[in-house]
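A.B. asks: Before we start, here is the structure in question, set down as structure tokens.
The values are calculated or read from the model by the stated rules, or taken from the named source; none is laboratory data. From a predicted model like this one, the values you see are computed outputs, not experimental measurements. Because the Cβ atoms are built from the backbone with ideal geometry, glycine has one as well, and the counts that use them run over all protein chains shown.
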Amino acid sequence: MGKAINKKVFSDFFNSTTSSGIILFSCLILSLIIANSPLGKGFNNFLATQIGYENSSVHLKYSVALWINDGLMAQEAKFSILVGSVISGFLGYLVLNYSCKKKKQIG
């Protein structure tokens, strides 16, 4: 029989901070190859395909390309919020730490 798949390797990869960048870059290269091949027209048709749900009060029917773009924007916003929170927290710590040291020198 073949070797068993090591689940720890996959778990470590998908839990790493670089996994999303590697996956995104791989998808970019794959899409460029497909778009510049004879499959390009079908690929563009697929990206233009409307998917989702729609009724009289809810409109969630958009193209595949728009769903992909919105998903990537959500990931970017999540990353910005997380990184921004860490940076602003660190800057706040530095400001408070500096101001406390100044007060000790004065008093």
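A.B. asks: For TYR53, only one of the following conditions fails: (1) touching a Leu at 6+ places or on another chain (Cβ under 9 Å); (2) of a type outside the set (S, T, N, Q); (3) part of a helix (DSSP H, G or I); (4) at pLDDT 90 or above. What is its number?
C.D. replies: (3)
A.B. asks: If you don't mind, another one. At pLDDT 90 or above and in a helix (DSSP H, G or I), is that true of LYS102?
C.D. replies: It is false that LYS102 is at pLDDT 90 or above and in a helix (DSSP H, G or I).
A.B. asks: Considering only region 35-43, I want to know if a residue exists there that is polar (S, T, N, Q) and part of a helix (DSSP H, G or I). Walk me through how you get there before you give the answer.
C.D. replies: From region 35-43, those polar (S, T, N, Q) are 36-37; that's our starting set.
Of the ones still in play, those that are also part of a helix (DSSP H, G or I) are none.
Checking region 35-43: not a single residue is polar (S, T, N, Q) and part of a helix (DSSP H, G or I).
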